[in-house]
Every structure is written in structure tokens, then in C-alpha cells.
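Here the structure is laid out as C-alpha cells; the discussion comes afterwards.
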Amino acid sequence: MKKYICDVCQWVYDPAIGDPDGDIAAGVDFENLPDTWVCPICGVDKTQFSEHEE
Ligand SMILES: [Zn+2]
């Protein structure tokens, strides 16, 4: 599964971890996050995220 990075604050969404603070369980792909989900750090929506290559 791909990681995604916030273009605004550089926080990385890692599907292996999910977003416990946002009620997202581990194993949820970025594409499957609800449209209401926002960056836990800066609060922007999913459109502000880019694929993160490591
Ligand atoms: Zn952010």
C-alpha cells in the first residue's frame, strides 16, 4: 500500500498505521479514507495529499 504525504505540513499517511486519532484503523488504503477525513496535523482535506515515494 502506498503512503501519502500532506503538501502543507509534510505529515505522512502510512496505511500500515492508519490514523488512530482520526478513527482510521491500520490497513486502510488512502483511497478508501472517507472524504470527510482531514490531515490530523493541519486539517486540510485529501486533495492536498500526494503520493509519497520512499
Ligand atoms: Zn497536513
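Things worth noting here:
- Close contacts from the range 6-23, counting a first residue that is farther than 13 Å from Ile41 by Cα and part of a loop (DSSP other than H, G, I, E, B) and a second that is of a type in the set (D, E, K, R) and within 14 Å of the ligand (Cβ to nearest atom), with Cβ to Cβ under 6 Å and a gap of 6+ residues or different chains, come to Asp14/Lys3.
- Residue within the range 3-11 that is away from the ligand (no atom under 11 Å from the Cβ) and of a type in the set (D, E, K, R) present: yes
- Qualifying residue in the range 13-21 (condition: surrounded by 13 or more Cβ atoms within 10 Å (Cβ to Cβ), of a type outside the set (Phe, Trp, Tyr) and within 12 Å of the ligand (Cβ to nearest atom)): yes
- Per the listing Gly43, Gly27, the residue uniquely more than 10 Å from the ligand (Cβ to nearest atom), in a loop (DSSP other than H, G, I, E, B), small (Gly, Ala, Ser) and surrounded by fewer than 17 Cβ atoms within 10 Å (Cβ to Cβ) is Gly27.
Here, each number is a calculation from the coordinates, and none is a lab measurement. These figures come from a predicted structure and were not determined experimentally. Quick reminder, even Gly has a Cβ in these numbers, built from the backbone with ideal geometry, and neighbours come from all protein chains shown.
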